Amino acid sequence: MGKDAKLPETEEGSVLFNLDPIIVKYHYEIDYLHSYAQDSPFFAGLAKKKLLGSRCTVCGYTYATPRGHCMECGEPTAWVELPLEGKVHTYTTCHFGGEAFLKETPYTLILVEFDGIDTLFLSRIVGAEPDEVRIGMPVRARFLRNCKFRPTDVYFVPL
Amino acid sequence: MRPVYMISGGITKFAKAHPEKDFRLMVKEAFDYALADLPGLTRELIDGSVCSYFSDHFTRQLKAGAMVQDYLGLCPKPSRRIEGGGATGGLCFQAAWEAVASGRMEVCLSMGFETMSRVNTWKGNEFIALASDTNFDYPVGGFYTGYYAMMVRRHMHEFGTTVEQMAKVAVKNHRNALHNPYAQSPGELSIEDVRSSPMVATPLTILDCCQMSDGAAVAVLASEEVAQRLSSRPVRITGVGCGTDAMRMADRPRGEVILLPHESAEEYRDLTYPGVHSFRGGRMAAKLAYGMAGITDPARELDFVELHDAYTSSEIQTYEDLGLCRYGEGGSFADAGAPFLPHITYGLSFSGDDRWRRVPVNPSGGLLACGHPVGATGLMQAVFAFWQLQGAIGKHLGNDTLQIRDAGRGLIHSHAGTGTYITVSVLERSE
């Protein structure tokens with residue numbers, strides 16, 4: 001038993017913004033071991049400059065953004081290669097955004113529609129000024145040479 | 001299921017930041033207001049609670065609901081958390097309804113809060129965007145205003161909706177809020193003000209968007225026996241409905257319109273639905289709530305609506321989902337002045353189109369002007385609707401400008417994601 005026991009003092013302090021009420025800086029960050037799980041082949045496809053969608057093995061409904069099971073009937077889907085050309089279904093230019101993307105503003109988001117595919121694909125368009133983008137505009141997929149295994153490995157340019 | 005009534009409600013002032021109060025104290029203030037408003041309602045009479053808050057990231061605290069429960073002195077009674085993005089508050093209200101309707105509780109407290117000021121706005125945008133698919137949507141530049149901008153761009157393409165029609169919604173809701181002391185950002189705006197404010201995501205400017213807020217709200221729900229014993233003016237909840245849609249809006253199907261009783265398939269023969277221009281989950285929620293409440297023509301049978309106007313565009317889209325007008329007519333409905341209060345001067349000229357009965361929408365000021373502390377928002381709507389139906393707006397707001405004369409039936413609508421969870425509840429004055 002040591003009645004004179006002491007915790008060691010440290011040089012660390014707190015970042016203080018205000019005294020009444022007391023407002024201090026609190027830092028928090030985390031690294032995940034994130035698995036793409038059953039969607040992994042899509043990201044592997046990006047490295048091979050392919051866009052992979054999902055087609056229902058029973059009802060044939062075809063998704064531009066992959067999913068392992070069909071939203072319409074619940075049956076398993078199979079991988080299907082999407083065309084690399086499509087059309088702008090809708091678009092917006094973001095002048096503001098979440099912290100992670102602020103440095104990239106302004107950037108233009110599009111939903112791409114493909115012939116014969118039932119759903120859409122979210123991506124970015126480059127090579128067109130914001131006021132040049134139109135609904136129905138033909139676009140073509142391009143891929144980063146060095147794959148990051150993120151959905152931004154693919155983007156679209158005007159055709 | 002047995003009848004359920006709302007017997008009291010309370011709300012804090014919504015503000016950009018309340019650093020002097022944590023979430024427990026904000027809920028406590030709203031709770032004490034609700035208790036004080038109904039003599040005879042005591043803490044002892046409350047059988048349990050449901051607690052709504054959206055993001056653990058904002059709170060920097062997991063299981064925050066348990067801390068509210070103990071702060072309010074409700075331990076060891078039952079409680080649980082309800083979470084569903086922007087619809088968290090509406091889902092919480094319906095969870096309390098379920099607790100009473102099922103007979104599990106005689107009196108259930110629904111309580112909600114959010115403390116969004118604890119991070120910077122851009123970090124808050126990031127937290128909110130994490131409520132979109134984090135594999136496929138968020139990394140592309142995930143930003144909710146961007147998602148809504150793409151949806152309304154398509155609405156404009158399909159139906160000819162204009163940015164000026166959207167701006168009128170901002171003018172309406174900010175001007176209504178001038179008479180609501182609980183509101184965060186009341187204001188006298190013009191269409192020009194809205195259009196010339198900073199662009200966030202084309203075509204939505206910052207005045208087309210709601211702000212982040214700190215705030216709390218509570219609604220106390222009770223059985224008929226308790227409601228009649230304690231209250232001379234209980235408000236009956238006559239319909240509840242909830243709908244959903246795919247998390248990724250890219251996955252939205254293109255099929256047939258879910259019809260309300262006053263509509264026919266013929267009139268939507270050429271419309272692909274819902275696409276990204278309409279909220280199928282909102283239509284489903286409305287259909288279920290109307291079915292339970294016995295409503296067959298909502299525009300004729302509702303006296304007011306408090307709906308989830310996170311964006312001016314989504315208010316217009318929601319007019320259509322709720323059947324206040326037909327799909328495609330939302331912009332014209334606003335142009336005609338149908339959702340405006342009759343006795344307030346807005347500085348706008350209306351089209352004179354008389355196809356629609358006037359149904360005031362967001363007389364409180366809605367999310368655009370009241371603010372959107374997510375977990376509290378759906379309950380805020382319940383509280384304002386409750387006061388409207390009690391004829392008590394003057395008592396609670398300090399002036400009765402926003403009181404709708406003889407309001408007998410109102411609707412509240414809570415909405416998450418890009419339309420992923422949506423609730424509709426119908427409240428009625430009981431004679």
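The values are calculated or read from the model by the stated rules, or taken from the named source; none is laboratory data. Model, not experiment: these values are computed from the prediction. Glycine gets a Cβ as well: all are built from the backbone with ideal geometry, and neighbour counts include every protein chain shown. For accessibility, only protein heavy atoms count, side chains too; no ligands or nucleic acids. Shrake-Rupley method; radii C 1.70, N 1.55, O 1.52, S 1.80 Å.
Per residue of A:83-96, count partner chain C-beta atoms within 10 Å of its C-beta, then hand back the mean as an integer.
6
Spin-label model, B:Arg233/B:Ser190: points 7 Å from Cα along the beta carbon direction are separated by 3.9 nm.
The lysines whose alpha-carbon is closer than 26 Å to the alpha-carbon of A:Lys50, local same-chain residues fewer than 8 away aside, are A:Lys87, A:Lys148.
Could you grab the relative contact order for chain B? Cα pairs under 8 Å, six or more apart, rounded to a whole percent.
Numbers: 1063 pairs, mean separation 109.9, N = 431.
Over chain B, the number comes to 26 percent.
Between B and A, roughly 3600 Å² of accessible area is buried in total, ligands, DNA and RNA not counted and the probe set to 1.4 Å. Phi angles across region A:102-116 convert, under the Karplus curve 6.51 cos²θ - 1.76 cosθ + 1.60 with θ = phi - 60°, into 3J(HN,Hα) values of 4, 6, 8, 6, x, 10, 10, 8, 9, 9, 9, 10, 10, 4, x Hz, Gly and Pro given as x. Heavy-atom accessible surface of chain B, averaged per residue, reaches 32 Å², computed with a 1.4 Å probe. Other residues whose C-beta falls under 10 angstrom from the C-beta of B:Ala66 contribute a net charge of +2, scoring Lys and Arg +1 and Asp and Glu -1.
Per the 1.4 Å probe, what fraction of the accessible area of the protein assembly as shown, in percent, lies on carbon and sulfur atoms?
Values: 12100 of 23770 Å².
The C+S portion of the solvent-accessible surface of the protein assembly as shown is 51 percent.
Counting charges near A:Thr93 (Lys, Arg +1; Asp, Glu -1) among other residues having Cβ under 10 Å from its Cβ returns a value of -2.
Projecting label points 7 angstrom from Cα along Cα→Cβ for A:Leu159 and B:Leu25 puts them 6.1 nm apart. Can you bin chain B into rounded, prolate or oblate? Criterion: square roots of the alpha carbon gyration tensor eigenvalues sorted a ≥ b ≥ c, rounded for a/c under 1.5, prolate for a/b above b/c, oblate for the rest. Rounded, because the longest to shortest axis ratio a/c is under 1.5. Put a dot 7 Å past the Cα of B:Glu431, heading toward its Cβ, do the same for B:Ile206, and the two dots end up 5.1 nm apart.
Using the structure shown, list the pairs from B:Lys168/B:Lys287; B:Lys13/B:Lys77; B:Lys21/B:Lys123; B:Lys28/B:Lys287; B:Lys28/B:Lys123 with a Cα-Cα distance above 32 Å, or answer none.
On the way: B:Lys168/B:Lys287 27 Å; B:Lys13/B:Lys77 28 Å; B:Lys21/B:Lys123 21 Å; B:Lys28/B:Lys287 35 Å; B:Lys28/B:Lys123 27 Å.
Exceeds cut-off: B:Lys28/B:Lys287.
Peptides B:347-357, B:371-381, A:65-75 ranked from most to least packed by the mean count of surrounding Cβ atoms within 10 Å: B:371-381, A:65-75, B:347-357.
Ranked by the mean number of other Cβ atoms within 10 Å per residue, highest first, peptides A:21-27, B:236-242, B:144-150 order as B:144-150, B:236-242, A:21-27. Counting Cβ atoms of other protein chains within 10 Å of each residue's Cβ and taking the mean over peptide A:117-124 gives 6.
A Gaussian network model of chain B, with springs between Cα atoms under 10 Å, assigns the largest mean-square fluctuation among B:Gly89, B:Gly275, B:Gly215 to B:Gly275.
When you count the other C-beta atoms within 10 angstrom of each residue and take the mean per peptide, B:178-191, B:197-210 line up highest first as B:197-210, B:178-191.
Net charge near B:Asp208, counting Lys/Arg +1 and Asp/Glu -1 over other residues with Cβ under 13 Å of its Cβ? Please list the in-between numbers first.
Details: positive: B:Arg153, B:Lys168, B:Lys172, B:Arg195; negative: B:Glu164, B:Asp193, B:Asp309, B:Glu315.
Net local charge, B:Asp208 excluded: 0.
Here's the picture: a label point sits 7 Å out from the Cα of B:Arg358 along the beta-carbon direction, and within region B:318-338 the residues with their amide nitrogen under 14 Å of it are B:336-338. Among the residues of B:249-258, the average count of other protein chain beta-carbon atoms within 10 Å of the residue beta-carbon is 4.
Beta bridges per DSSP, both residues in chain B: antiparallel share near 75 percent.
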